[in-house]
1. Can you spot a residue in the stretch 46-59 that is at pLDDT 95 or above and touching a strand residue (DSSP E or B) at 6+ places or on another chain (Cβ under 6 Å)?
2. Counting only residues that are open to solvent by 10 Å² or more (accessible area, probe 1.4 Å), of a type in the set (A, V, I, L, M, F, W, C) and more than 27 Å from LYS412 (Cβ to Cβ), how many does the stretch 319-347 have?
3. Can you list residue pairs whose Cβ atoms sit under 6 Å apart, with the first residue in the stretch 17-44 being more than 15 Å from ALA456 (Cα to Cα) and the second being open to solvent by 60 Å² or more (accessible area, probe 1.4 Å) and not hydrophobic (A, V, I, L, M, F, W, C)? Count only pairs 6 or more apart in sequence or on different chains.
4. Determine the pairs where a residue that is under 16 Å from SER492 (Cβ atoms) and in contact (Cβ under 8 Å) with a residue 60 or more places away in the chain, located within the stretch 412-428, has a partner that is assigned to a helix (DSSP H, G or I) and open to solvent by 30 Å² or more (accessible area, probe 1.4 Å) with Cβ atoms under 6 Å apart, the partner being 6 or more residues away or on another chain.
5. Can you find, within the stretch 196-214, the residue that is surrounded by the fewest Cβ atoms within 10 Å (Cβ to Cβ) among those that are in a loop (DSSP other than H, G, I, E, B) and not β-branched (Val, Ile, Thr)?
6. Do we find a residue being outside the structural domain of GLN562 (by TED's automatic domain parsing), without any contact (Cβ under 8 Å) to a residue 12 or more places away in the chain and among the hydroxyl-bearing types (Ser, Thr, Tyr) anywhere in the stretch 129-143?
7. Restricting to the stretch 418-440, and then to whatever is within 20 Å of TRP647 (Cα to Cα) and charged (D, E, K, R), can you tell me which residue is least open to solvent (accessible area, probe 1.4 Å)?
8. Anything in the stretch 470-486 that is surrounded by 24 or more Cβ atoms within 10 Å (Cβ to Cβ) and either among the small types (Gly, Ala, Ser) or assigned to a loop (DSSP other than H, G, I, E, B) (or both)? List them, or say none.
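The values are calculated or read from the model by the stated rules, or taken from the named source; none is laboratory data. None of the values given here were measured: they were computed from a predicted structure. Heads up, the Cβs are rebuilt from the backbone with ideal geometry, glycines too, and the neighbour counts pull from every protein chain shown. These area figures cover heavy atoms from the full protein model, side chains too; ligands, DNA and RNA do not enter into them. Shrake-Rupley method; radii C 1.70, N 1.55, O 1.52, S 1.80 Å.
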Amino acid sequence: LNADMPDKNEVLQKTPNPATKVLIEKITADGNETYLDRFASQQPQCSFGLKGTCCRMCQWGPCRISEKSPRGICGRSQDEIVISNIIRALVSGLAAHGRHAHEIIYTIKGVAEGKINLKLKGTDRIIDMAEKLGLEINNKTLEELAGEIADILVEDLSRMNNQNIRLLEVFAPQERKDLWSKLDILPRSAAYEVMEALHMTTLGSCTDWKAIAGQEKRSALAYCYSTLFGSSLATEILFGVPEPKETEVNYGIMKEDHVNILVHGHSPVMIEKVLEKINLPEIQQLAKDYGAKGIVIGGLCCTGTELLARYGIPTVTNILGQEFAIGTGAVDCVVVDMQCVIPGMKILADCYGTKIITTCNSNRIPGAVHLPFDPEKPETLDEDAYIIAKTAVEAYKDRDRSKIKIPKEITKAYGGWSFESIVKAFGGIKNLAKLLKDGTLKGIATVVGCNSPKVAYESNHVTIVKKLLEWDVLVLTTGCSSHALLNAGLCSQEASELCGNGLKAIIEQYNVPPVMAVGGCVDNTRTLRLFMALTEEMGIAIKDMPFMFVGPEPGNEKTVGQGLSFLMHGVSNLVGFPAPIPVPMPKPVKGSTDGEMERGSNNIADYFGGNGALEELGAKIYTEPYPELAAQTIKMHIKRKRNNLGWK
Ligand code: MSK
């Protein structure tokens, strides 16, 4: 694996966005480093770490599993160590989304109680959720209803007794609820399952890899229903359900003669207030007083996709592009909230004189201006947001004008797709089901997740999706993948020329792009809801439908839960390269003299990538690092599902 790792030259050749190439060359010429240089200096990476066979769950080790030493000091086997490492990554991701959900839900509570100066914009979602949760609606204000919903969402995050997550009860298909109940993997809450997963994997606890795999599945369901559904629906209650809108994206949206402010992270609460302050005439005038012609706001990572979805604010780039954005030398300030803010960004920000403002106590950065938002201490929210807006604009006067180079690329995009707006755009769920069944659309893939330094930046995302479009597979996307696809022009009707005849006809008739950007990482729930609605409409289980989850460039611990959330529902995964699981290598057949080989195996790989998960859940994980082959695998999977259904 190490020998295949891309170096900077390979990234320059293969990365799909011309703007990226310009910036990598510029930053290198400026004598500064990015993740590409640090990745090179980390090679070769530890083979035990890559395979997940290093155990650091106590202080006797670290222990490394090999043929020579097949057990750790305590006696743990490879299977126990590998599955424990994976579940620990999963619950770290669960904790991150849980903290995100916590901030949004407590903001709703604060607004409902009149303590936070924001308005609840998601009237439709409040009523919808109140009805789904069986709340008494009559004679209550929207604020009262929102407060009651928030209390239920908090309970779903924190419940300790043996009762089910309410959102799971409300949204999950009955077929799955019956299955999860039979498998005894129904979760209690995010907090309980994180606690139990860490408990089961600490020194001297569970040594049955199958029981830990069971907790993995339980935690994945808690991840899906308490933190993803919790965050996504709560954000819709707070800021409204997005509607599709046209916008422009890519590095070229920044302007040399404007104040350029980038917003970064995942939870869009503080930035909502900051935007309000930036729009004040006095802040706009301040920018002009410093000689700027105006103020540009650009989005990074999932705060970026949230703002694109709701306000059409242009996005710039994703987790591994954040350093490239700073390298333009044109960014005056980055306002960050939580998660996916890499330390390298601040290092580079210091090189280019970019001011960093942090707004979440979980995401402190030394040397940054820190003005945190805490929904339970909201007294200074307006004041702090004003200071942030003013500080960001003032940074323009200190910009080093000798180091600016903004790539010219600006790309059209049509984003802001919610579950409801997708259904509406296709003329109702019945009609979308018909298009799927008659073969106009061959399948639906959700292509999501981070970037990885282990592939040429963004190349897996874009290569795979271009192939899928050619084969009439509709793509839904979130998070960092969506930045790659937005910048590649695939989230626009103009990408029609890359599509097969079926998708082309759909773009023309329904005025939708072939790749629909459905929001931030937590909004994968919108895709899951679409899958569930289609299967309900057609009376077919999700596991039998031509759907697939695709994570071409997995990176963050949060992506483990994304893939497993879909797997638990019966949607197979295609991931871009192996998770930290030893790849079962073929072995010589014992006693054979003519070089005969037999299939290698290990329990964890066999379960998730083989018959174990397939028999139990109706889905499995495929791993394919080469994007053309990955696309073929997805095509074959979709074809197989269609054949089984008797669809052409
Ligand atoms: S931002 S979790 S790197 S998708 Fe949501 Fe991107 Fe992955 Fe963060």
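1. yes
2. 3
3. These pairs meet every condition: LYS26/LYS405.
4. ALA425/TYR510
5. Taking the candidates together, the pick is GLY204.
6. yes
7. Residue satisfying both the conditions and the ranking: ASP438.
8. THR478, GLY479, SER481, SER482, ALA484
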